[in-house]
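Reviewing the structure listed below.
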Amino acid sequence: MINRFRSWIGPKEREQMSGPAEPSAENVPQHIAIIMDGNGRWAKKLGMPRIVGHQSGMKAVKRATIAADELGVRYLTLYAFSTENWSRPKEEVDFLMRLPQEFLALELEELIAKNVQVRMMGNMENLPEHTLKAMREATRRTQDNTGLVLNFALNYGARRELVEGIREIARSVEAGRIRAEDIDQEMISAHLQSGDMPDPDLLIRTSGELRISNFMLWQIAYSELWFTDAYWPEFSREHLREAVAEYQRRTRRYGGLK
């Protein structure tokens with residue numbers, strides 16, 4: 001698959017970014033976030049129902065988790081279901097809500113053996129009880145693990161996350177626990193659902209779409225972005241390693257100069 005690079009990169013920069021797509025052991029991104037996109041289109045391309053694409057996407061979740069762990073990534077956040085996805089057909093939503101239960105039934109023991117800690121961020125309301133039960137069981141059984149943190153964004157929307165965090169801060173101001181002047185970026189970050197994790201260093205989106213889709217809007221302010229035309233069920237260990245290799249070729253200046 002051809003990866004989509006930013007069109008404004010000049011020839012000199014492209015030459016500097018060229019080279020083998022193999023990451024080094026140094027400067028590995030601490031936190032990678034992935035917008036897993038293209039399950040339905042992948043299935044349609046093969047003449048199969050969309051739900052087959054979602055089921056095949058579970059295998060890509062396992063591949064990405066193993067590859068991230070091999071590289072030494074500390075946090076892997078996967079956009080599994082957005083607050084906007086409820087507008088999809090009920091049959092598809094019901095199937096998507098069964099996937100966490102199915103995935104964890106198959107993979108939880110191996111995740112435990114690999115010292116992976118499972119987490120979830122998003123809103124609990126509207127989630128079926130069987131979905132919540134599976135996620136709670138996985139987080140409980142892996143809470144003491146000290147390896148890769150596998151964080152599922154489930155029923156998650158960044159704008160809602162920001163609104164709820166700001167409301168919580170506003171209530172503290174009203175109660176006199178803090179002053180408005182005390183509010184800073186660190187306080188806002190701490191009131192988000194990812195508050196105890198570092199911001200993503202690298203954001204990946206599959207399927208060739210070039211947008212963020214209401215995902216971790218505050219946290220990705222200075223993340224490096226990497227897009228691939230590969231649909232999520234096609235996403236492989238090599239794709240992740242290629243993304244990390246390109247990340248390592250970039251210079252993060254955070255608005256300053258090199």
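The values are calculated or read from the model by the stated rules, or taken from the named source; none is laboratory data. The structure displayed is predicted, hence computed values, not measured ones. Please note: Cβ atoms are built from the backbone with ideal geometry, for glycine as well, and neighbour counts cover all protein chains shown.
Values as computed for the structure displayed
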item: Of all residues in segment 139-161 being part of a loop (DSSP other than H, G, I, E, B) and of a type in the set (G, A, S), the one that is nearest to the chain's Cα centre (by Cα); result: G157
item: Residue within segment 44-56 that is in a helix (DSSP H, G or I), crowded, with 21+ Cβ neighbours inside 10 Å and modelled with pLDDT of 95 or more present; result: yes
item: Residues satisfying the stated conditions in segment 100-112, i.e. closer than 23 Å to M197 by Cβ and among the aliphatic types (A, V, I, L, M); result: L104, L108, L111, I112
item: Candidates L150, L104, L154 - the one that is buried (at least 17 other Cβ atoms within 10 Å of the Cβ), among the aliphatic types (A, V, I, L, M) and free of Cβ contacts under 8 Å to residues at least 60 places away in the same chain; result: L104
item: Flag if R136 is out of contact with any helix residue (DSSP H, G or I) (no Cβ under 6 Å at 6 or more places or on another chain), basic (K, R), free of Cβ contacts under 8 Å to residues at least 12 places away in the same chain and part of a helix (DSSP H, G or I); result: yes
item: For T251: the one exception among (1) among the hydroxyl-bearing types (S, T, Y); (2) part of a helix (DSSP H, G or I); (3) within 22 Å of A68 (Cα to Cα); result: (2)
item: Residue within segment 76-89 that is in contact with an Asp or Glu (Cβ under 9 Å, 6 or more places away or on another chain), surrounded by 17 or more Cβ atoms within 10 Å (Cβ to Cβ), outside any helix (DSSP H, G or I) and not hydroxyl-bearing (S, T, Y) present; result: yes
item: Residue in segment 208-221 that is of a type in the set (S, T, N, Q) and surrounded by 21 or more Cβ atoms within 10 Å (Cβ to Cβ) present; result: yes
item: Breaking point among (1) surrounded by 21 or more Cβ atoms within 10 Å (Cβ to Cβ); (2) small (G, A, S); (3) farther than 30 Å from A25 by Cα; (4) out of contact with any Phe, Trp or Tyr (no Cβ under 7 Å at 6 or more places or on another chain), for G122; result: (4)
item: Scan of segment 165-210 for residues that are assigned to a helix (DSSP H, G or I), touching a residue at least 12 places away in the same chain (Cβ under 8 Å) and not aliphatic (A, V, I, L, M), ordered by number; result: G165, E168, S189
item: Pick from segment 193-207, criterion closer than 17 Å to M121 by Cα and either surrounded by fewer than 15 Cβ atoms within 10 Å (Cβ to Cβ) or touching a helix residue (DSSP H, G or I) at 6+ places or on another chain (Cβ under 9 Å) (or both), ranking: modelled with the lowest pLDDT; result: G195
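Results for (1) at pLDDT below 95; (2) more than 30 Å from A221 (Cα to Cα), shown as yes or no for each residue.
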site: E102; (1), (2): no, yes
site: L106; (1), (2): no, yes
site: E109; (1), (2): no, yes
site: G122; (1), (2): no, no
site: N126; (1), (2): yes, no
site: I166; (1), (2): no, no
site: R171; (1), (2): no, no
site: A180; (1), (2): no, no
site: H191; (1), (2): no, no
